[in-house]
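Everything on this sheet refers to the single structure shown next.
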Amino acid sequence: MTIRTGDRSDQELLQAHVDGDDEAFGELFARHRDRLWAVALRTMGNPEDAADGLQDGMIAAFRRAGSYRGDAAVTTWLHRVVVNACLDRIRAAKIRRLEALPDDVEDRGTVVATAVHDDQPEAVAEDSERRRRVLDALATLPLEQRAALVLVDMEGYPVAEVAEMLGCAEGTVKSRCSRGRSKLASLLADLHHPAGDQPHGNPPPDGPVQPTVRPRGPPAP
Amino acid sequence: MTESSGLPPEQEAVRRLLADARHDGPPPSEVLARLDDTLASLVAERASQDTSPGRVVDIGSRRRRVAAIGLLAAASVVVAGVAIGQVLPRGGDDAGESSAGSASDSSLADTPTSEDDSGAEGGDSAGAAEDPGSMSSELGPDAKRPLTAAPRLSSVDDDFLDQQLLALRPMAAARSQVQDPGESAVLGDCLMAGIGPGRRAYTTLDDVAVVVVYAPPSGDAQRVAVFECGVGYPPVHETVLPAP
């Protein structure tokens, strides 16, 4: 049975899917797919595993749509399903996941995000390097802290919504974020600086200079 | 954005770095194609399994459907038991209770007995018949007799399911690597290829026939995946257990 799917709300689409509309779920998932992909990508750490996690989540959401009770927004529910699918995969492979991310962690998002620097290859390279270091550091965090930071700091979801996605209290989300940031701060000490300020002081003796703004001159050696 | 104020400068800086590292853009085309294919398969699967609109085919619904049948069966057993004034055999109680879709604590309680049977399973239908609930009638005509003596699994809670998988592992280890021809005929679409190496156990998860694959241990861990028979990837459950 095919029902016209234009202009329907998320909730209407999900209900239509439960009611047997073959087109509804595809439209619903497509609406949120890019952001779900972003969450899966940053949670899993590489595109291959992210694809697996997103696919698992999509299958789970398709099959368990009837369990949606309307307590949260459909998009929150979808995120929860996909995040849980990703976390399940990570837990299942936690031995390997504890190892460092592969070198080719860069993804298309990086390319898109740095495309504005096409006229300045040095800036592109530095942005890319900074991003790689941030993602590498993120991958070292405990799973729960990583997921919380991806959703709150990267994707910008409200803490209350993330609490629903992760199935925990808001205070737990805040605590995970705080602990995760503290660890990242120590790992990325040479990258961060107070908001709006230029980095100042000498770089650490054992690390390269990592400016967070576009340099005016040639790149630092 | 959230938590934009009140953070120590160091945390605020990390927060900015994370925001800068967020991903923008759609999934790669190969991922999109894969998702589209998967979605088409799901739609086709639903259409083939249930043509009536208004129902979503999932393991949970199957479990509930079986539960209704199981309740009737259990009630019949009770009535018959009262009528003949005899104490029902323990196996009968287990069958009714688990078919009713309960949390199935009895699955674990039965494990030692089932594991004791494992040496005889793998074609020993007499031994398997001692556990009347080993496979549900959902499997089709061939499944009216039990396939294996494996305890049934319940997905009510992930931790509990992991405990059940741990308890089931000795049975998988005890299975012969060479498939018994008689058993092969009964296992049907549970005999799937391409779901990874490892020892296998055949049982049910929430009354749906599944194959449990215990991958070769890696260090002190062992990856375990549960696949729905005839479906394969993705597994309905994955976990990591301590290596045996």
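Do you know which residues across region A:14-45 are touching a Leu at 6+ places or on another chain (Cβ under 7 Å) and without any contact (Cβ under 8 Å) to a residue 24 or more places away in the chain?
Within region A:14-45, A:ALA24, A:GLY26, A:GLU27, A:TRP37 qualify.
Return the residues of region B:208-244 that are under 20 Å from A:ALA60 (Cα atoms), over 8 Å from the mean Cα position of the chain (by Cα) and not aliphatic (A, V, I, L, M); say none if nothing qualifies.
B:CYS229, B:GLY230, B:GLY232, B:TYR233, B:PRO234, B:PRO235, B:GLU238, B:THR239
Looking only at region A:20-46, which residues are closer than 18 Å to A:ARG63 by Cβ, outside any loop (DSSP other than H, G, I, E, B) and at the interface with chain B (Cβ under 8 Å from one of its Cβ atoms)?
Answer for region A:20-46, where residues must be closer than 18 Å to A:ARG63 by Cβ, outside any loop (DSSP other than H, G, I, E, B) and at the interface with chain B (Cβ under 8 Å from one of its Cβ atoms): A:PHE25, A:GLY26, A:PHE29, A:ARG33.
Considering only region A:145-165, how many residues are in contact (Cβ under 8 Å) with a residue 24 or more places away in the chain, over 13 Å from the mean Cα position of the chain (by Cα) and under 20 Å from B:LEU7 (Cβ atoms)?
Total satisfying the criteria: 1.
Report yes if some residue within region A:71-90 is in contact with a Cys (Cβ under 8 Å, 6 or more places away or on another chain), crowded, with 19+ Cβ neighbours inside 10 Å and assigned to a helix (DSSP H, G or I); otherwise report no.
No.
Just a yes or no: is a residue in region B:207-227 away from chain A (no Cβ under 14 Å), of a type outside the set (A, V, I, L, M, F, W, C) and in contact with a Pro (Cβ under 9 Å, 6 or more places away or on another chain)?
No, because not a single residue in region B:207-227 is away from chain A (no Cβ under 14 Å), of a type outside the set (A, V, I, L, M, F, W, C) and in contact with a Pro (Cβ under 9 Å, 6 or more places away or on another chain).
Would you confirm, using the coordinates I've provided, whether A:ALA50 is more than 7 Å from chain B (Cβ to nearest Cβ) and either within 22 Å of A:VAL150 (Cβ to Cβ) or at pLDDT 95 or above (or both)?
Spelling it out, A:ALA50 is indeed more than 7 Å from chain B (Cβ to nearest Cβ) and either within 22 Å of A:VAL150 (Cβ to Cβ) or at pLDDT 95 or above (or both).
Identify, please: which residue in region A:153-178 is more than 22 Å from B:ASP20 (Cα to Cα) and in a loop (DSSP other than H, G, I, E, B) and is, among those, nearest to the other protein chains (Cβ to nearest Cβ)?
A:GLY167
Scan region B:225-244 for residues that are β-branched (Val, Ile, Thr) and touching an Asp or Glu at 6+ places or on another chain (Cβ under 7 Å) and jot them down.
The answer is B:VAL236, B:THR239.
The values are calculated or read from the model by the stated rules, or taken from the named source; none is laboratory data. Since we're looking at a predicted model, the values are computed, not measured. Quick reminder, even Gly has a Cβ in these numbers, built from the backbone with ideal geometry, and neighbours come from all protein chains shown.
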